[in-house]
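The values are calculated or read from the model by the stated rules, or taken from the named source; none is laboratory data. Predicted model, so just to flag it, every value in this text is computed and none were measured. Note that each Cβ is placed from the backbone with ideal geometry, even for glycine, and that neighbours are counted across all protein chains shown.
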Amino acid sequence: MHVGLLDHVNIQTTELEKTCHFYETILGFKIGWRPDFPFPGAWLYSGDRAVVHLIGLDPSAPNAPPRNSGSVHHVAFAGQGFLELVDLLDREAIPYEIRDVPGLRQRQLFLRDPNNVMVEIVLTGADATAGDRAYPVYTL
């Protein structure tokens, strides 16, 4: 038996439209085909792979999820275009935190989606050292 890479993340949300907007506008995923499930939702694609599955919930329903990542601390995606991403986050007034990984040429950018799920973008190469300004520090 072999288990490989993470296939997708499933997020339950009472903010389906806002969550779709976040993953499309901020992370660049595209809404695509989704099976005809008997409940609302969306699948968001990176290329030809549906990496984020959303389930839309009624906020007044007893099964509405808590607004945090639960036992999962965060979800991480590889990314490129550090400066463009930071500019977009600043324009959209989305708080973020940047950490440079000691001993590696790697930068981590943390932010939260509309459901308060923490998302990490892992940047390498030139993106790991891009930028010549001080970036805000938030407590996420």
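Points to keep in mind about this one:
- The strands (runs of 3 or more DSSP E) found entirely in segment 1-79 that carry 1 or more residues being farther than 16 Å from Asn115 by Cβ are 30-32, 41-46, 49-56, 75-79.
- Sole residue being surrounded by 10 or more Cβ atoms within 10 Å (Cβ to Cβ) and of a type outside the set (Ser, Thr, Tyr), chosen from His2, His74: His74
- Failed item in (1) loosely packed, with under 15 Cβ neighbours inside 10 Å; (2) at negative phi, with Thr14 passing the rest: (1)
- Scanning segment 51-71 for residues that are of a type in the set (D, E, K, R) and exposed (fewer than 13 other Cβ atoms within 10 Å of the Cβ) returns a single hit, Asp58.
- Among the numbered conditions (1) at pLDDT 95 or above; (2) over 14 Å from the mean Cα position of the chain (by Cα); (3) closer than 17 Å to Phe77 by Cβ; (4) of a type in the set (Asp, Glu), the only one that Glu17 does not meet is (3).
- From the options Gly28, Gly56, Gly70, Gly103, residue that is of a type in the set (Gly, Ala, Ser), farther than 30 Å from Arg133 by Cα and out of contact with any helix residue (DSSP H, G or I) (no Cβ under 7 Å at 6 or more places or on another chain): Gly70
- Here Ala50 fulfils each of the conditions (1) under 16 Å from Glu120 (Cα atoms); (2) in contact with a Phe, Trp or Tyr (Cβ under 6 Å, 6 or more places away or on another chain) apart from (1).
- One residue stands out among those in segment 20-31 that are touching a residue at least 40 places away in the same chain (Cβ under 8 Å) and surrounded by 20 or more Cβ atoms within 10 Å (Cβ to Cβ): the one that is farthest from Gly79 (Cα to Cα), which is Phe22.
- Total residues in segment 80-128 satisfying the condition of being small (Gly, Ala, Ser) and part of a helix (DSSP H, G or I): the figure is 3.
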